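Have a look at the structure below, then the notes.
Rule-based calculations on the coordinates, nothing more; no lab input. Note that the structure is a prediction, hence the values are computed from the model and not measured. No Cβ is skipped: glycine too gets one built from the backbone with ideal geometry, and neighbour counts run over all protein chains shown.
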Amino acid sequence: HMGHGASTRNWDVPVDWWQNGRDDVQCGGGIPFDMVVGHSSGAGNAVLAALIDPEFTHRLVLIEPILLPPPYVQDTQHPLVVGALRRKRWFESREAAYANFHGRGVFATWDERAFDAYMAYGFVDEPDGSVVIACDPRHESEYFGAATAHGGWERMGEIGVPVHIVAGETSDSHPPEFVELQRERFGGTSEIVAGVGHLVPMEAPGVVAEIVIRELGA
């Protein structure tokens with residue numbers, strides 16, 4: 001998506017998650033995906049894509065999808081919104097960036113393979129050997145703030161393909177009763193992964209891989 005990772009597209013202000021959905025549809029090139037798997041905002045964007053184009057995919061696996069009830073307004077005070085703007089972006093070396101993040105904060109519970117992938121693809125190398133976080137903190141903040149503004153919650157029942165929701169047992173965003181509410185609105189299925197929080201793919205990539213393989217064969 002624009003503004004993330006290796007994307008060369010400038011990001012729009014205000015950030016609109018529906019644009020991310022349109023980007024997802026464009027990536028398909030008019031050929032339906034057999035299954036789309038998304039996590040957090042990626043799961044929310046996948047739902048918006050399926051609403052934009054009902055032929056986008058034949059099946060959705062949504063891991064902790066960010067689809068929230070009203071009010072549908074830009075959130076400027078959420079800790080993720082504020083925290084992104086405060087985040088240090090520049091580091092004198094990859095080693096310094098590694099030391100700053102490894103085993104700390106949200107990264108404390110990450111599988112080493114997931115953390116290594118973040119280090120490999122989440123930073124841009126500068127000519128002097130320093131590195132910067134690939135995603136501009138201003139964009140990240142706007143992106144988090146837009147999570148409550150897209151209104152996809154109202155249209156979850158319009159999704160016409162099978163939906164399977166995956167959530168973490170200790171998630172702070174998807175307690176069991178909220179997972180059940182989302183499942184009911186989709187008319188889908190759900191499961192809880194034991195011992196992990198919101199960042200299910202980063203904490204338990206092996207379990208997620210097994211779920212994806214199982215759902216592909218469903």
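Just a few scattered comments:
- In angstrom, the C-alpha Rg and Dmax of region 90-135 are 10.4, 32.
- Segment residue 170-residue 218, extension gain: residue separation times 0.36 nm, minus the distance between their alpha carbons: 14.6 nm
- By average C-beta atoms within 10 angstrom, highest first, the peptides 31-37, 43-49: 43-49, 31-37
- Most mobile listed residue (150, 198, 78) in the chain, GNM with C-alpha springs under 10 Å: 78
- Within the shell of other residues whose beta carbon sits under 10 angstrom from the beta carbon of residue 198, the net charge comes to -3, with Lys and Arg scored +1 and Asp and Glu -1.
- Net +/- balance of residues flanking residue 127 in space, Cβ distance below 15 Å, scoring K and R +1, D and E -1: -3
- Structure-based [θ]222 nm, the chain - -39500 (n - 2.57) summed over DSSP H runs of at least 4, per residue, nearest 500: -11500 deg cm²/dmol
- Here's how it looks for residue 168: its modeled amide H is under 5 Å from those of 193, which are all 5 or more places away or on a different chain.
- Efficiency of FRET from Cβ geometry, residue 154 and residue 104, R₀ 22 Å, rounded to 0.05: 0.05
- Principal-axis analysis of the Cα atoms of the chain puts helix 176-186 at an angle of about 60° to the longest axis.
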